[in-house]
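Working notes, structure below.
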Amino acid sequence: MSGRTDLKHRLVTRFQRHLANPLNRRLPFQTLLETTGRTSGLPRRTPVGGRRAGDSFWLVSEFGLRSQYVRNIQADPRVRVRIAGRWHQGTAHLLPHDDALARLRTLPRFNSAVVRAFGTDLLTVRVDLED
């Protein structure tokens, strides 16, 4: 990863971790992805943008395999997603061969614009919902 990309990653994740995510987690209808911490075993909730399509929820990770929630999914793909205030159990799948830019065109515009602007290594994630 280039020095500029690494700096961008560090600045954006610091902003998200300390300001944006704590605020967004409090919003009652913010979509949240809950993973199990790969080291701690504790639930980890991350605000995400995406869209439900049938029995699946689609999102694009802006930092791919460097995202902490993606690393948690690699360790344990069982997740929960809060959509419109309701929690759903599911299994997450990382889709590195999916065209993440094309996928972003099918997801909510504002979030997709932010992911394109700040992302450095896009990765599509599909959550197969159980309920």
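The values are calculated or read from the model by the stated rules, or taken from the named source; none is laboratory data. Because the structure is predicted, anything quoted here is derived from the model rather than measured. Ligands, DNA and RNA are stripped out before the accessible areas are found, and what is left, the full protein with its side chains, is counted by its heavy atoms. Shrake-Rupley method; radii C 1.70, N 1.55, O 1.52, S 1.80 Å.
Percent of accessible area on the stretch 28-131 owned by carbon and sulfur, 1.4 Å probe?
51 percent
Report relative contact order for the stretch 39-131 in percent, whole number only (criteria: Cα-Cα under 8 Å, sequence separation at least 6).
Dividing the mean separation by the residue count of the stretch 39-131 yields 42 percent.
Apply the Kirkwood formula to the stretch 32-131: the hydrodynamic radius equals the inverse of the mean of 1/r over all pairs of different alpha-carbon atoms; give it in Å with one decimal.
13.3 Å
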